[in-house]
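Everything on this sheet refers to the single structure shown next.
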Amino acid sequence: MNEQSLLNNLNDAQLQAVTYTSGSLLVLAGAGSGKTKVLTTRIAWLIKNAQIGVSEVLAVTFTNKAAKEMLHRIGSILHIDTKYMWVGTFHSIALRLLRLHYQEAGLPSGFQILDSQDQQSLIKRLIKHNNIDEDRYPAKEVQGFINYQKEQGIRASELSPDNLKNKILIDLYLLYEENCNRDGLVDFTELLLRSYELLSMNLPLLNRYRQQFKHILVDEFQDTNVLQYKWLHQLVGERTMIFAVGDDDQSIYSFRGAKVANMHAFLRDFQVTEPIRLEQNYRSTQVILDAANAVIDNNSERIGKKLWTENRHDEKIRLYEGYTEEDEAYYVIDEIRQLHNAGIELNEIAILYRSNAQSRVFEQHLYNRGIAYRVYGGLRFFDRQEIKRVLAYLRLIINPSDNEAFLRVVNFPARGIGPRTIEQLQETATQLKRSLFDTVDELTGKLKVSLSKFTDLIRLMQIESKVLNLAETISYVIETSGIREHYENDPKEGEERIENLNELISAVTGFQAEDTTNPLVEFLAHAVLESGDNQANSYDSAVQLMTVHAAKGLEFKVVFVVGLEDGLFPHENCLNNLKEVEEERRLMYVAITRAKEKLYLMRACSRLMWGKRLAAPISRFVNEIPAELIKNISGVSKIGYSELSGYYDPAESNYSGMRNSRAEFEHPETKTSRVSLKDSDVTLKIGDMIKHAKFGNGKILRLNADGKKMTAEIFFIGIGKKTLDLNIANIEKV
Ligand code: ATP
Ligand code: MG
């Protein structure tokens, strides 16, 4: 591709950003204005026209998916092998640095990455072993404390306590660090902190990288935290140019310490006088943009920018208000089927939600209807129980001191090692300051006999795996550990789990290690870092399910934003805090601006939460969108099962936007009952509204007479179904 065609369809501001070479630069622009396109094109242009070497560019993105897309695009523009380029997430690049310089970083060669779950269980054990009150210091909170400090670049030794609680947290942080160092474990934030320290302690090494990276490029700059900023800053040498793109309206990680203030610091630290602004949006229709602008307009403290587009195609945004989450999901899936029949590719369709747990209902309906789908984040393939167990064996093969892995599988499949034995082992290990694995050799008697069966097995695996390739090693482990046999004997879930194990073997077969000397180490790191976009459960074309956070930077022809209810989105934890509501609003802005052509806003009028059916008010963010941009399509419910039949009569309920959709429903049995309520005789029939002294307003779904006893099944708003004895129930007809 020649220079002309590379730059051909850029607008003036984009062109200026792509070809700017007189220093560092910040591009500040709204969603869909081509920031990522500019960044990618710039990399290609630098290599092609400014004669920059492929390894002289460092580019940081936020997700693996984004990094992959970027490499793919660069590869197809330049026709080069992008495998060795320094393009990736902060985590993956930090990991690469640590793998290359593990000795200088004070790590063992096969150091393991601790995912968030492992981190939490390690912390839990530390709390227990040190007799700290778990109620006052829940593992999750301690984990949050530790990660927060690390994200600020602060080690336990640098902290001084100002009260007792603080002291205990700091002590736990210290213990945690000691444990990780002893066992060669590195958590996510540690990757970054450790590589930062590695470079700041080792000036020759730092200078080497400063000279190597002539250009550093950062996407989604608004979401960098203190440590990430320090990390980047450190790598900028005298002749390095740093180029960042971002949008303050899309800052959605301040709960993890991300700082929009980094934008101001950037301008100051790298002597950027004026950020470049891009105002034309190439992604969405005007209607979608108008909605996004209207929502974000409610935030204070914005740097402020407007977006416009030439994409007319003014189809309104659709709003569907379902009865329940089932109804909501049913509608979405039905609509997807129709869109797909009309020629829209499945992977051009996304379902976006606020919290991972919301995916389940959609997954179920998609599955039932035989529509391919892919969930990003949530319970990822590599997080599934059976996969984690196999991975634990693999981790032990590389590093037997990995206590997390040891505990996960020492008694899986069951080999008669009880909790008491493990407790004793742990106590001895603490005394000896040795890993659990090494401690087994020091034991005597019965304890040793049962445990050394396990350590012998691992030793055998270590020897055998030396002559096997990666895929062979994994199937060998699945067989010899007894994992396959275990699941074969599980009639309930076994089949699916074995399918997943087989998927793992095929995932490994397709995995290409960069470093061929130890592909297993690399595969394990890949398994931890990979967030859902693994080959293992991928389909060619599948509906994309993810949280709004995970959708950052992506775009789809059709977007369903689901669960738009106050308490869900905005999340209920944020409702009392204006700043946090503003962060939720930015999240909504991100959600809306993912859509290219069609946007659906969805909500349920009642939702099952914590086992209770609760009435769900519509999200304030929907109300912030001007009515003329929205077409309410509620009331054409496609759901057809009688469960819903008596729930609400839209004519009587005060739920907005619901029209009668019960034409398809059947009532269970229609009966009337003559009963005495509060001393007066009344006739009750199915569908009647009643009022209960405790449960409030309800609707009769079913009546049953059994001899003298008369019962009614009543649906109460916010509570759900109850069966009450009409002779004693405190109800009246309304
Ligand atoms: P976000 O803030 O959501 O990350 P962004 O600013 O990074 O958005 P891009 O993803 O780079 O925006 O671009 C949005 C869409 O617009 C992409 O499909 C991109 O190919 C297209 N696009 C960008 N610039 C142009 C252009 N000059 N001509 C045609 N299409 C463009
Ligand atoms: Mg982008």
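The values are calculated or read from the model by the stated rules, or taken from the named source; none is laboratory data. These numbers were taken from a predicted model, which means no experiment stands behind them. Every residue, glycine as well, gets a Cβ built from its backbone with ideal geometry; the counts of neighbours run over all protein chains shown. What goes into the accessible areas is simple: the full protein's heavy atoms, side chains included, and nothing from ligands, DNA or RNA. Shrake-Rupley method; radii C 1.70, N 1.55, O 1.52, S 1.80 Å.
Note the full-extension length gain between Lys306 and Glu628 as 0.36 nm times their separation in residues minus their Cα-Cα distance, in nm to one decimal.
Values: separation 322, 0.36 × 322 = 115.92 nm, distance 1.97 nm.
That works out to 113.9 nm of additional length.
In terms of packing, defined here as the mean over residues of other Cβ atoms within 10 angstrom, the peptides 115-125, 286-296 line up highest first as 286-296, 115-125.
Just the Cα atoms of region 105-181, one point each, no solvent: what log10 I(q)/I(0) does Debye give at q = 0.15, 0.28 Å⁻¹? Scattering profile of region 105-181, log10 relative to I(0): -0.51, -1.55. Distance between the pseudo-spin-label points of Tyr20 and Ile154 (7 Å out from Cα toward the beta carbon): 3.4 nm. Largest first, the extents of the alpha carbon coordinates of region 1-152 on the three principal axes equal 68, 37, 26 Å. Each principal axis of the Cα atoms in region 380-518 has its own extent, and those three values, largest first, are 44, 40, 25 angstrom.
At full extension, Asn730 and Glu479 could sit 84.1 nm farther apart than now, given 0.36 nm per residue minus the alpha carbon distance. Element breakdown for the chain at a 1.4 angstrom probe: carbon and sulfur atoms account for 48% of the accessible area.
Surface analysis of the chain yields an accessible area of 44 Å² per residue, using protein heavy atoms and a 1.4 Å probe. Within the shell defined by Cβ-Cβ distances under 12 Å, the residues around Ile154 carry a net charge of -1, with Lys and Arg each +1 and Asp and Glu each -1.
Gain in length, Gln271 to Asp81, computed as 0.36 nm per residue apart minus the alpha-carbon separation, to one decimal in nm? Present the calculation step by step, with values, prior to reporting the outcome.
Details: separation 190, 0.36 × 190 = 68.40 nm, distance 3.43 nm.
Result: 65.0 nm gained on full extension.
What order do you get for 387-397, 624-634 when each peptide is scored by the mean count of other beta carbon atoms within 10 Å, highest first? Before the final figure, lay out the partial values.
Details: 387-397: 23.2, 624-634: 15.4.
In descending order of packing, they fall as 387-397, 624-634.
In region 301-375, the C-alpha radius of gyration followed by the widest Cα-Cα span (Dmax) gives 15.7, 46 angstrom. Here the simple spin-label model places points 7 Å from the Cα toward Cβ, and for Arg434 and Asn130 these points are separated by 2.4 nm.
What does the net charge come to around Thr509 if you take all other residues with beta carbon closer than 12 Å to its beta carbon, with K and R at +1 and D and E at -1? With Lys, Arg at +1 and Asp, Glu at -1, the net is -2. Report, in listed order, any pair from Lys165/Lys448; Lys259/Lys631; Lys140/Lys699; Lys165/Lys694; Lys230/Lys579 with a Cα-Cα distance greater than 31 Å. Table pairs above 31 Å Cα-Cα are Lys165/Lys448; Lys259/Lys631; Lys140/Lys699; Lys165/Lys694. Based on Cα atoms of region 182-264, Rg over Rh with Rh as the Kirkwood radius reads 1.01.
Arranged from highest to lowest average of other beta-carbon atoms within 10 Å per residue, in what order do the peptides 546-553, 263-270 appear?
Details: 546-553: 22.4, 263-270: 16.4.
Peptide ranking by packing, descending: 546-553, 263-270.
Work the Kirkwood hydrodynamic radius out for region 301-451: mean of 1/r over every pair of different alpha-carbon atoms, inverted, in Å. Kirkwood hydrodynamic radius for region 301-451: 20.8 Å.
Label-to-label distance, Asp314 versus Ser5, with points set 7 angstrom from Cα along the beta-carbon direction: 3.8 nm. With all pairs of different C-alpha atoms in the average, the Kirkwood value for the hydrodynamic radius of region 331-381 is 11.6 Å. Residues of region 685-701 falling in the label zone of Met609, defined by backbone nitrogen less than 12 Å from a point 7 Å along Cα to beta-carbon, are absent. Neighbours of Glu386, meaning other residues whose beta-carbon lies under 11 angstrom from its beta-carbon, give a summed charge of -1 when Lys and Arg score +1 and Asp and Glu score -1. Taking every alpha-carbon pair in the chain and binning the separations at 20 Å intervals from zero gives 15, 42, 34, 9, 1 percent.
Expressed in whole Å with the largest first, what are the equivalent ellipsoid semi-axes of region 225-340 derived from the C-alpha gyration tensor as the square root of 5 times each eigenvalue?
On the way: eigenvalues 286, 73, 41 Å².
Value: 38, 19, 14 Å, ordered largest first.
Applying 1/(1 + (r/R0)^6) with R0 = 22 Å to the Cβ-Cβ distance of Glu238 and Arg208 gives a FRET efficiency near 0.95.
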